[in-house]
Amino acid sequence: MADRLKGTVALVTGASSGIGEATARALAAQGAKVAMVARRLENLERIAKDIAGQGHTALAIEADVTDQNQVIRAVERTVGDFAGLDILVNNAGVMLLGPIPGAPTEEWDRMIDINLKGLMYMTHAAMPHLLEAAEKSERGAADLVNISSVAGRQAGAGAGVYNLTKFGVGAVSEALRQEVSKKGVRITIIEPGAVETELVNHIRDGVREKAEERWASMTTLTAHDIADAIEYAVTRPAHVSLNEILIRPTEQP
């Protein structure tokens, strides 16, 4: 059923490719006005033009989620252009795998800055608007969706700091759920397993090959599979909150 999100406004981070792009397209197809945030403006503008060509509304916003001032401006522009904010999807993230001994620690900083601090900056800036939407909108609810990972449930060698960030996403999401759920803001964690996206490409040489070999051993998920789960979560009736969705490829151990 189309137009289940008619009249709503969504903001999706990391929307220039992969899960973020697929999510922006899926929410727009359901009638939401979608603000797409990422650093690659050219990609965002191409996607926004395509969404507009299908009769929907999308806004491209260039911003780095690790910069709190840019995050605040992105939220303010979304609310200013679209007169509110009902759904936030914190998707921006990186997966820089490798063993802890001898690791380039700048990779740790990057993951913590994007996967945790960026998510928290965006959540902090958006929360007043989500609370207002939950109180005043016809839906009777607002949604915050945080993209975590199977790595947020199970720690493993070669992924320790990535595990740290994704376990952190789970912890802060559950704490926030306890703080705002009675006010109508639903918190959902999406925990994908292996997905065919750009994440693997960011892993450094010597480590990436092992990840690619593991991915090649199974039929991986697509970005659309994850977007479909997000769409399902945010289109439930107001009294239904899907707090945690774990999605693995069928063949993934």
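Values in this text are rule-based calculations from the coordinates and carry no lab data. This one's a predicted model, so the numbers in the text were calculated from it and none came from an experiment. Cβ placement follows ideal geometry from the backbone for every residue including glycine, while neighbour counts extend to all protein chains displayed.
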Q.
Which residue, Met122, Val37, Ile47, has the largest displacement toward the positive end of the dipole of the chain when charges sit on each Cβ (Lys, Arg +1; Asp, Glu -1)?
A. Met122
Q: Give me the net charge of Thr197's neighbourhood, meaning all other residues with Cβ under 12 Å from the Cβ of Thr197; Lys, Arg count +1, Asp, Glu -1.
A: -4
Q) In debye to the nearest 20, how big a dipole does the chain give about its Cα centre with +1 on each Lys and Arg Cβ and -1 on each Asp and Glu Cβ? A) 520
Q: Using a cut-off of 13 Å between beta-carbons, work out the net charge of the residues near Pro237 (Lys and Arg +1, Asp and Glu -1, Pro237 not included).
A: +2
(Q) Report, to one decimal in Å, the Kirkwood hydrodynamic radius for region 70-151 based on all distinct Cα pairs. (A) 14.3
Q: Could you tally the net charge around Gln70, taking each other residue with its Cβ under 11 Å from the Cβ of Gln70, Lys/Arg +1 and Asp/Glu -1?
A: -1
Q) Counting alpha carbon pairs within less than 8 Å and at least 6 residues apart, what relative contact order, in whole percent, applies to region 31-95? A) 30
Q. Using a simple charge model, +1 on the beta-carbon of Lys and Arg, -1 on the beta-carbon of Asp and Glu, nothing else, what dipole does region 1-52 show about its Cα centre, in debye to the nearest 20?
A. 80
(Q) Taking 25 Å as the cut-off for C-alpha to C-alpha distance, list the pairs among Lys33/Lys183; Lys6/Lys49; Lys6/Lys136; Lys136/Lys166 that go past it. (A) Lys136/Lys166
Q | Kirkwood-based shape ratio for the chain, expressed as Rg/Rh from alpha carbons | A | 0.95
Q: Could you please rank Leu27, Leu5, Leu199, Leu246, placing first whichever residue has the fewest other Cβ atoms within 10 Å of its Cβ?
A: Leu246, Leu199, Leu5, Leu27
